[in-house]
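Every number in this text was worked out from the coordinates using simple rules, so none of it is lab data. Since we're looking at a predicted model, the values are computed, not measured. Glycine gets a Cβ as well: all are built from the backbone with ideal geometry, and neighbour counts include every protein chain shown.
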Amino acid sequence: MMNESSLDVLTSLCKRRGFIYHSSEIYGGIPGFWDYGPLGCEMKRNIKEDWWKTTVRNREDVEGLDATIIMHPAVWKASGHLDTFSDPMTMCKSCKKLMRADQIWDIFDENEIGVTLHKLLDQSGGDPSKIVAWCKGKARGQTPNLPAVLNASVLTAAYEQLCNNNLTDMDAHTLYSLFANAGSDITITPCPHCGGELTKPRPFNLMFKTVVGPVDDEKNTAYLRPETAQAIFVQFQNVLATSRQRVPFGIAQIGKSFRNEVTPRNYTFRSREFEQMELEYFIRPDEAVEIICGKVTKLTDNPDISAPNESWGWEVWHKYWVEQRKQWVAQCGLPTESFVESVHADEELAHYARACVDLEYRFPFGLQELEGIAARSDFDLSQHQKHSGKTMEVFDETLKLAARKMDDKSRADFADKVAEKWRTLGKEDSQARDFVARLFEGRYVPHVIEPSAGVDRMMLALLCNAYEEQKLVDEKGKEDSRVVLHLEPRIAPVKVAVFPLVKNKPELYGKAREIFEHLRRRYASFWDHSGAIGRRYRRQDEIGTPWCVTIDFQTLNDGTMTVRNRDSMEQLRMTLSELKIMMDKALLV
Ligand code: GAP
């Protein structure tokens, strides 16, 4: 398992071998922006390709979309991003540093002050004197604006409280707050950088603004999309009309998103420009399912969720997509024990959301969101219907036919039941009855399940999981070591490396080139003729190449070559056709 310091080793490997560079590095870089080098862009493509094949091409019920990054600004008003897509931001009144109010203690834990205070508490043995000595000494340089450093009476009050408390139970956050607030009536949150007072958090909108057209004024303001999802809602009717799909079906999109993150951090984990892979899967409202099937299958019915069923309600569809997403994450190479499902508590959900599950991966800096799967009701389509004045309803013939079979009494009972349920959700009786009347005509605004993943985050997780430093002992007992990326063959940037055993035998060299030219038309391949074969293997191990092929004199006689497996280091002789069969099997999604 990687720790935070091994993340530095991985970062340096990624730079050295051409996976990831700082954007605009020659000008000192720009925080939150990253470039993917020759190997990085291949790996990223492989992740996207795998997602696309699994989510779109291998399914009959999902269509693709590639929409623009800049859309009509009204999209962002309707979606709620203009008004609510913000992070709470705070500023230190002393050092003027800006930070996310909900990340103060994470920043504290990661920097020198946090590390020092955690250590001092561990080593105190219950005696506060060393901690107080820190406040009188090193803290003057580390946290010059901490009230206990500036003011002797705060330090005295803190000392008294430390003497009266059991220090072995105290954590570093409480200790730092004590040095900021002891003996005072007002409580401040101390800056994790200098100990100064932080301002009250204020919402900071994360959308990047730009101007469309030559005149830089309010009217021409547009935004770089903060998620790819909204374009899918906006183009919903076009895709429906042109693809001949019927609900339930999905629309998928991969593309760039932009968020002006207050504190981009943890390498590429939280970037300002990143790529998303999003699916909006449109389903019938449960009430429509009930009319068609006579019942709605719920999770409590313990349904088989391996293949979709018409009677599923939103709960089961949500669970189905969580399972599909877990399978994909595992298929890309993350062991199932390396990520967990985190279910959002009701109070964490947006008002329109019914459920949300995050898949969280154990990154070296902690358990963090890899992707989210949300059940968003009909909120998004209804918002766009309201703001654009264009209908987002679908016509569902099956529903209309099923409704036609209901007699007047069952229709009236059904309407009463829906109105009763909606009342408990705070909705008006008339809204419920209008909705039911439209259902009887076969019309409704679809609900949506949204699996939303980040390409960059997935790539970081895969790199962290794949990295290993191995100690080896050769046949003669000689110790050696290697760095290896155990990437899934489908995800690895280079699939096969071809080596001629020697450079100076034209016939052998020519044969090796011929095999390389043949393979590169089909697979991302790498040619290497320099250095000992062992060193060539090491260079490929470090970038995760699953197979290395050595062409030797025997190849000239019988067409076989040595194929060396990256993980087992096993070497087998096989022909070119056998190699292609083996590779195709491993690379197929
Ligand atoms: N449409 C829903 C949506 O955008 P989100 O949880 O904000 O939901 C979905 O984002 C995924 O996008 C996240 O799980 C993550 O993988 C990726 N993501 C979000 N913000 C990111 C950032 N600043 N840097 C890198 N990836 C990010």
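Here are some notes:
- Cα-centred dipole magnitude for region 1-67, charges only on beta-carbon of K, R (+1) and D, E (-1), debye, nearest 20: 240
- Cα lying deepest toward the dipole's positive end in the chain, options LEU7, LEU279, ALA345, charges on Cβ: LEU7
- For region 494-587, the spread of Cα coordinates along the three principal axes comes to 31, 27, 23 Å, biggest extent given first.
- Extension gain from THR156 to GLN554, taking 0.36 nm per residue of separation minus the Cα-Cα distance: 135.0 nm
- The chain: C-alpha gyration tensor shape, a/c 1.5 cut-off, then a/b vs b/c: oblate
- When exposed loop sites are taken as GluC sites (Glu not before Pro) in a DSSP loop with at most 15 other Cβ atoms within 10 Å, the longest stretch of the chain clear of them is 61-309.
- Additional length obtainable on full extension of the chain from ARG45 to LYS505, 0.36 nm per residue less Cα span: 161.9 nm
- Dipole axis of the chain (+1 Lys, Arg; -1 Asp, Glu on Cβ), positive-most option in PHE435, MET91, ILE533: ILE533
- Efficiency of FRET from Cβ geometry, LEU367 and MET406, R₀ 60 Å, rounded to 0.05: 0.75
- Partnerless cysteines, meaning none of the other Cys C-beta atoms lie under 4.7 Å away, in the chain: CYS14, CYS41, CYS135, CYS163, CYS293, CYS332, CYS356, CYS464, CYS548
- Shape call, region 1-84: gyration tensor on alpha carbons, a/c limit 1.5: oblate
- Charge-dipole axis of the chain as Lys and Arg at +1 and Asp and Glu at -1 on Cβ define it, positive-most pick from THR336, ALA355, ASN302: THR336
- For region 428-442, the Karplus equation 6.51 cos²θ - 1.76 cosθ + 1.60, evaluated at θ = phi - 60°, returns couplings of 5, 4, 5, 4, 5, 5, 4, 4, 5, 4, 5, 4, 4, 8, x Hz by residue, with Gly and Pro reported as x.
- Expected 222 nm ellipticity per residue - DSSP helices of 4 or more, -39500 (n - 2.57), all of the chain, to 500: -12000 deg cm²/dmol
- Net charge dipole size for region 97-152 [Lys, Arg +1 and Asp, Glu -1 on Cβ; Debye, nearest 20]: 340
- Pairwise FRET efficiency - ASN302 versus VAL9, Cβ, R0 = 35 Å, nearest 0.05: 0.15
- Fewest-first sequence of PHE108, PHE553 by Cβ atoms within 10 Å of each Cβ: PHE553, PHE108
- The charge dipole of the chain, taken about the Cα centre with unit charges on the Cβ atoms of Lys, Arg (+1) and Asp, Glu (-1), comes to about 1720 debye, rounded to the nearest 20.
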